[in-house]
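The values are calculated or read from the model by the stated rules, or taken from the named source; none is laboratory data. Everything numeric in this text was worked out from a predicted model, so none of it was measured. Positions of Cβ are generated from backbone atoms using ideal geometry, with glycine treated the same way; all protein chains shown enter the neighbour counts.
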Amino acid sequence: MKKFKNSSIFLDRDGTLNVDHGYVCNPEKIQLLDGIIPAIQLLKNAKYKLFLFTNQSGVSLGKYTKADVDACNNRLVDLIGIQDCFTEICIATEPPSQEKSYNYRKPSPRFILEMIKKYNLDPKKSYMVGDKDTDALAGIRAGINAIYLATGAPPTEFMVNIINSGQAIGFPSLLTFAQYLTA
């Protein structure tokens, strides 16, 4: 029987950590959502391994470059103020039309499953956190807890159904989720 040791949080970027302006590619436009810094501090202090898991189809669609995404991620970390706050970062650049299980684009669980194996993560103590259906689906497909944040548009009918069925849990913000998790 395998013994898992580590708890983890997989975090979507746009709409979860920062304001989603649609195809966020300018680091100067990265604006943290309210409560992100204390939320990250709570989770880090509780010894959760944090992973950034972001779909960035704008790269494959030619709207911006991977270097633009890296610059935005670096700006995000600078604003949070905790260097190395993410254990690893997955930037899924595939376009939505290529959502296949062998790609990294959410709702594929590939990145999550690879990190569970690499870092000996406990799926029962791991969470995929985001503001979109694809975030929750990636968590569900990986066999970890799915968390929906109501930080942007109202939840879709699909999201309401998976919350009502108990497959996902909803929170108003990352901070309220972090407070719940670390209470």
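Tabulated data
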{"read-out": "Segment 33-57, subset surrounded by fewer than 18 Cβ atoms within 10 Å (Cβ to Cβ) and of a type in the set (A, V, I, L, M), residue farthest from the chain's Cα centre (by Cα)", "value": "Ala46"}
{"read-out": "Counted residues, segment 14-24 - those being crowded, with 17+ Cβ neighbours inside 10 Å, at pLDDT 95 or above and hydrophobic (A, V, I, L, M, F, W, C)", "value": "1"}
{"read-out": "Test for Leu50: is it assigned to a strand (DSSP E or B), within 24 Å of Thr182 (Cα to Cα), in contact with a helix residue (DSSP H, G or I) (Cβ under 8 Å, 6 or more places away or on another chain) and at pLDDT 95 or above", "value": "yes"}
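Conditions (1) of a type outside the set (Phe, Trp, Tyr); (2) within 23 Å of Ala150 (Cβ to Cβ); (3) out of contact with any Asp or Glu (no Cβ under 8 Å at 6 or more places or on another chain), marked per residue:
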site: Leu11; (1), (2), (3): yes, yes, yes
site: Leu17; (1), (2), (3): yes, yes, yes
site: Tyr23; (1), (2), (3): no, yes, yes
site: Asp34; (1), (2), (3): yes, yes, yes
site: Phe53; (1), (2), (3): no, yes, no
site: Asn73; (1), (2), (3): yes, no, yes
site: Ile89; (1), (2), (3): yes, no, yes
site: Pro96; (1), (2), (3): yes, yes, yes
